[in-house]
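Chemist: Before we start, here is the structure in question, set down as structure tokens.
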Amino acid sequence: MPLLDREEYIEQAYFFRALRERMNQGVSTQELLAILRHEVLAITKLPMAIDFMATELRHTGGFAGAMCRLSHYFTPFQTYIMSEAERPEGRFDFRVGLEILEKEAEYRAKGATPQGLFLYQFEALCRNRLSYDEGLEAMAQDPLYDEAWREWILTVRRQIGLVDLADLIYVRSEEYLKTHPHPGKPILFGEKEGRIALAHRRRDPLYLFAALSRQLGYPSVPRPRPEDTSSQLVPQLARRVERLEARIKLLEEELRGGIDITRFYGPPKQEGTP
């Protein structure tokens with residue numbers, strides 16, 4: 001798969017963002033695709049991809065199958081994120097998946113580096129508890145990585161869980177060269193990445209990602225947001241007030257001499273009716 005032009009990634013980011021934001025507007029996904037197909041830039045390949053995704057949605061009810069067939073346009077990692085988001089038995093929120101793809105496309109449009117893209121994609125797997133085995137295999141097929149990067153990502157796939165991620169980054173950094181002038185493997189990370197990784201050995205990888213984002217400006221993975229229930233508070237309070245008013249009326253009737261329960265009776269049945 002070749003790298004796409006910057007315009008393609010800009011339109012991809014807009015597509016994923018608009019799809020995520022408009023899903024709560026009471027419009028079906030098929031209608032949204034038809035609308036967005038005319039909004040995205042016509043000189044890109046995204047309109048044709050949206051047409052194919054709309055056809056796949058009508059037949060299978062999802063996007064991942066179409067993205068897999070469009071492997072010349074969508075990366076395997078994008079397809080993997082979408083397939084996990086569409087799993088009915090999974091706990092990975094579909095909107096979070098769209099936001100992950102949106103931020104990744106934005107980063108690519110700004111000029112992504114292999115270091116920043118790897119850390120972003122790996123953090124997405126880690127933070128959302130996705131499969132390292134399948135996720136890292138999909139990451140290794142990204143066109144931004146050269147052969148040295150692909151070999152190292154597959155090494156991480158085999159050793160993750162046995163070797164600390166900070167150690168895996170440190171031994172491939174320029175900081176490691178200070179004590180090991182002949183590492184024997186290609187250097188993939190700079191001196192700053194190596195120093196930060198060395199400082200975060202045997203700690204939660206999320207702290208490592210946060211430090212790299214603060215210090216080096218690498219993109220951060222979107223986090224799941226708690227559901228906004230403020231729109232439901234007013235109807236719930238109204239129903240509670242109605243129940244309290246009904247109880248107060250019953251108490252007042254009882255104090256005045258008793259409750260007239262005949263009003264709760266239904267109309268008398270006529271003779272001959274069952």
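The values are calculated or read from the model by the stated rules, or taken from the named source; none is laboratory data. Quick caveat, the model's predicted, so the values are computed rather than measured. Here the Cβ positions follow ideal geometry from the backbone for every residue, glycine too, while neighbour counts run over all protein chains shown. Areas reflect the complete protein model, heavy atoms only, side chains present, ligands, DNA and RNA absent. Shrake-Rupley method; radii C 1.70, N 1.55, O 1.52, S 1.80 Å.
Chemist: Being touching a residue at least 40 places away in the same chain (Cβ under 8 Å) and small (Gly, Ala, Ser) is the filter here; which residues of the range 112-130 pass it?
Modeler: Within the range 112-130, Gly116, Ala124 meet the criteria.
Yes or no, residue by residue, for (1) assigned to a loop (DSSP other than H, G, I, E, B); (2) touching a Phe, Trp or Tyr at 6+ places or on another chain (Cβ under 9 Å); (3) in contact (Cβ under 8 Å) with a residue 12 or more places away in the chain:
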| residue | (1), (2), (3) |
| --- | --- |
| Asp142 | yes, yes, yes |
| Lys192 | no, no, yes |
| Arg203 | yes, no, yes |
| Ala211 | no, no, yes |
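Chemist: Can you tell me which of (1) over 17 Å from Leu3 (Cα atoms); (2) open to solvent by 30 Å² or more (accessible area, probe 1.4 Å); (3) modelled with pLDDT of 95 or more is the one Arg150 doesn't meet?
Modeler: Arg150 satisfies all of (1) over 17 Å from Leu3 (Cα atoms); (2) open to solvent by 30 Å² or more (accessible area, probe 1.4 Å); (3) modelled with pLDDT of 95 or more except (1).
Condition check ((1) exposed (fewer than 14 other Cβ atoms within 10 Å of the Cβ); (2) closer than 15 Å to Phe122 by Cα) across all residues:
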{"position": "Gly161", "(1), (2)": "yes, yes"}
{"position": "Leu165", "(1), (2)": "no, yes"}
{"position": "Val171", "(1), (2)": "no, no"}
{"position": "Gly184", "(1), (2)": "yes, no"}
{"position": "Gly194", "(1), (2)": "no, no"}
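Chemist: Restricting to the range 251-264, name every residue that is open to solvent by less than 100 Å² (accessible area, probe 1.4 Å) and modelled with pLDDT of 75 or more.
Modeler: Within the range 251-264, Glu252 is the sole residue that qualifies.
Chemist: Identify the single condition in (1) within 27 Å of Ser220 (Cβ to Cβ); (2) open to solvent by less than 10 Å² (accessible area, probe 1.4 Å) that Leu33 does not satisfy, given that it satisfies every other one.
Modeler: (1)
Chemist: What are the residue pairs meeting all of these: first residue in the range 92-107, first residue on the phi > 0 side of the Ramachandran plot and touching a residue at least 60 places away in the same chain (Cβ under 8 Å), second residue surrounded by 20 or more Cβ atoms within 10 Å (Cβ to Cβ) and outside any helix (DSSP H, G or I), Cβ atoms under 9 Å, and 6 or more apart or on different chains?
Modeler: No pair meets every condition.
Chemist: Search the range 23-59 for residues being of a type in the set (Val, Ile, Thr) and outside any loop (DSSP other than H, G, I, E, B), and hand back the single one that is nearest to Asp93 (Cα to Cα).
Modeler: If we take residues in the range 23-59 being of a type in the set (Val, Ile, Thr) and outside any loop (DSSP other than H, G, I, E, B), then Thr29 is nearest to Asp93 (Cα to Cα).
Chemist: Follow-up. For His180, work out the one condition from (1) closer than 20 Å to Pro219 by Cβ; (2) open to solvent by 60 Å² or more (accessible area, probe 1.4 Å) it doesn't fulfil.
Modeler: (1)
Chemist: Quick one: how many residues across the range 42-56 are more than 19 Å from the chain's Cα centre (by Cα) and open to solvent by less than 70 Å² (accessible area, probe 1.4 Å)?
Modeler: 9
Chemist: Identify all residues within the range 55-69 that are touching a Phe, Trp or Tyr at 6+ places or on another chain (Cβ under 9 Å) and either in contact (Cβ under 8 Å) with a residue 40 or more places away in the chain or farther than 11 Å from Thr79 by Cβ (or both); write none if there are none.
Modeler: Glu56, Leu57
Chemist: Let me ask you something else. Sort out which residues of the range 212-233 are modelled with pLDDT of 75 or more and either among the charged types (D, E, K, R) or open to solvent by 90 Å² or more (accessible area, probe 1.4 Å) (or both), and write them in order of number.
Modeler: Matches in the range 212-233: Arg214, Gln215, Arg223.
Chemist: Are there any pairs with C-beta distances below 6 angstrom linking a residue in the range 154-169 that is in contact (Cβ under 8 Å) with a residue 40 or more places away in the chain and in a helix (DSSP H, G or I) to a residue that is open to solvent by 30 Å² or more (accessible area, probe 1.4 Å) and of a type outside the set (Gly, Ala, Ser), with the two at least 6 apart or on different chains, and if so which?
Modeler: Leu165/Pro205; Ala166/Arg201
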